[in-house]
Amino acid sequence: MKQDNISEPFFITEEVEAEMIAAGYKFEPPFIACTLRLRDVLEGISDAELALQPGEIADQERERRQSCVS
C-alpha cells in the first residue's frame with residue numbers, strides 16, 4: 001500500500017482488511033513512543049511551563065505544588 005502525504009486517519013472495513021490479509025498484507029500494531037507517564041513529565045517542568053498545560057492531571061500537579069508550598 002502506498003501512503004502519499006496522508007494527513008487524516010485511514011480506516012478500512014473488515015471486508016477490506018480480510019482481502020488485504022488474503023493478499024499477504026500484515027497488520028502490525030502502531031509504534032508507541034510514550035515511555036513516561038504524564039504525571040512524571042509534568043513533575044519535571046517549571047511552574048511557568050506547567051501553567052500553560054491544560055487538563056486534569058496538570059491541575060492535580062498544580063494543586064500538589066501548592067500544598068507543598070503551604
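Filtered by the rule that a residue be surrounded by 12 or more Cβ atoms within 10 Å (Cβ to Cβ) and not in a helix (DSSP H, G or I), the range 26-67 gives I45, Q53.
Considering only the range 12-66, how many residues are touching a helix residue (DSSP H, G or I) at 6+ places or on another chain (Cβ under 8 Å) and aliphatic (A, V, I, L, M)? The qualifying residues number 7. If the condition is being modelled with pLDDT of 90 or more and polar (S, T, N, Q), then the range 25-70 contributes S46, Q53, Q60, Q66, S67.
Residues in the range 1-24 that are modelled with pLDDT of 70 or more and open to solvent by less than 100 Å² (accessible area, probe 1.4 Å): I12, T13, V16, E17, A18, M20, I21, A22, A23, G24.
The values are calculated or read from the model by the stated rules, or taken from the named source; none is laboratory data. Keep in mind it's a predicted model, so treat the numbers as computed, not measured. In this analysis, Cβ positions are derived from the backbone assuming ideal geometry, glycine residues included, and neighbour counts consider all displayed protein chains. Calculation scope for accessible area: heavy atoms of the full protein, side chains included, ligands and nucleic acids excluded. Shrake-Rupley method; radii C 1.70, N 1.55, O 1.52, S 1.80 Å.
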